[in-house]
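First comes the structure, then the notes that go with it.
The values are calculated or read from the model by the stated rules, or taken from the named source; none is laboratory data. Computed from a prediction, not measured in an experiment: that's the story for all the values here. So basically every Cβ, Gly included, is an ideal-geometry build from the backbone, and we count neighbours across all protein chains shown. In case anyone asks, the SASA skips ligands and DNA or RNA and just uses the protein heavy atoms, side chains included. Shrake-Rupley method; radii C 1.70, N 1.55, O 1.52, S 1.80 Å.
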Amino acid sequence: MGKETVIDAPAKINLSLDVIGKRENGYHDVRMIMQQISLHDTITITVEENGNKGSCADGASGLITVGTNSGELPVNEDNLVYKAAKLIMDECRISKPVRIFIDKHIPIAAGLAGGSSDAAAVLKGMNSLFDLKLKDERLKDIGVRIGADVPYCITGGTALAEGIGEVLTPLPSIPDCFILIAKPGISVSTGYVYTAFDSLEDKIHPDVDGMISTINEGNLQGMAALLCNSLEGVTQEEYPVIKEIKRLMLDNRAIGALMSGSGPTVFGLYRDKESALAGADAVKKSGKAQDIDVTEPLNKGNR
Ligand code: ATP
């Protein structure tokens, strides 16, 4: 067996998500507060030292094999890890075959950026495996070609994301807490939600700057009070189960609850693990969610 690297690809939630405009190319301008959580996929990249070298004429195609324990993911060029590997291999002229395995734990099409995080992990993993010495800024430039959330997934921690999501400002770590994740058994297309948002008459806009202040103060209660996501106006109206799960969390010791990204995953903030476990129990008993996890914020220690 050749050289191998194993990296975690953490999920994210949005503590605040505002859609502030639409560009001519269809992309939306956003202001979002992103937070990584301990729930993660595990990505293993193996270099096949004895594999065929492959022809460079068509770049890295044919040199990348993708595998996963998930029955729901494509294992061809549609997988975001394939796209990430191909981009970096073409850019850095790597012609050794690689095998990428995704041990999937993050719910798919959930608003948790699972695919973007897998892609970011591959960019970081390939950088170290092949000793490419690419700086994070360069990895982010490659990443944004795969998806708007990939640059954030490379930086991680707590951050303000602006532009289409790629203009990042690091924020202090949030206070210790527990985050209950619950995804109902529906899948939501991010593209559809943004398109439907454009035609909403009454749009809600969160107080993103207020959220930044509460994070700067380390004020968990203040953060909980300001949780807000513009896209709830679409997804929550279409799928009332989202509102129901939020209600259940709030009735079971959560200090705040919100839909993440374009949904349908709901998260609840809890002061302690016991409360989060009680919330998880209540959601489980209700039968309203398919994937339930008690997680913690993944902090970079900047406070
Ligand atoms: P975001 O929060 O960034 O909108 P998401 O959590 O809603 O992302 P993902 O789980 O990243 O959504 O996946 C969205 C789509 O991307 C799915 O339809 C899936 O088939 C495809 N996809 C391709 N590669 C992956 C991957 N490695 N992991 C998850 N989804 C992938």
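Some points to look at:
- When the helices (runs of 4 or more DSSP H) confined to the stretch 209-303 are screened for residues that are over 21 Å from the mean Cα position of the chain (by Cα), those reaching at least 3 such residues are found at 220-226, 241-251, 273-286.
- Looking only at residues of the stretch 26-59 that are part of a loop (DSSP other than H, G, I, E, B) and closer than 30 Å to LEU227 by Cβ, we find that the one that is modelled with the highest pLDDT is TYR27.
- Evaluation of LEU200 against (1) within 12 Å of the ligand (Cβ to nearest atom); (2) hydrophobic (A, V, I, L, M, F, W, C); (3) modelled with pLDDT under 95 (one fails), failing number: (1)
- Filtering the stretch 20-43 to residues that are more than 12 Å from the ligand (Cβ to nearest atom), surrounded by fewer than 24 Cβ atoms within 10 Å (Cβ to Cβ) and among the aliphatic types (A, V, I, L, M) leaves ILE20, ILE37.
- All conditions but one from (1) open to solvent by less than 30 Å² (accessible area, probe 1.4 Å); (2) more than 14 Å from the ligand (Cβ to nearest atom); (3) more than 30 Å from PRO184 (Cβ to Cβ) apply to ILE64; the one that does not is (2).
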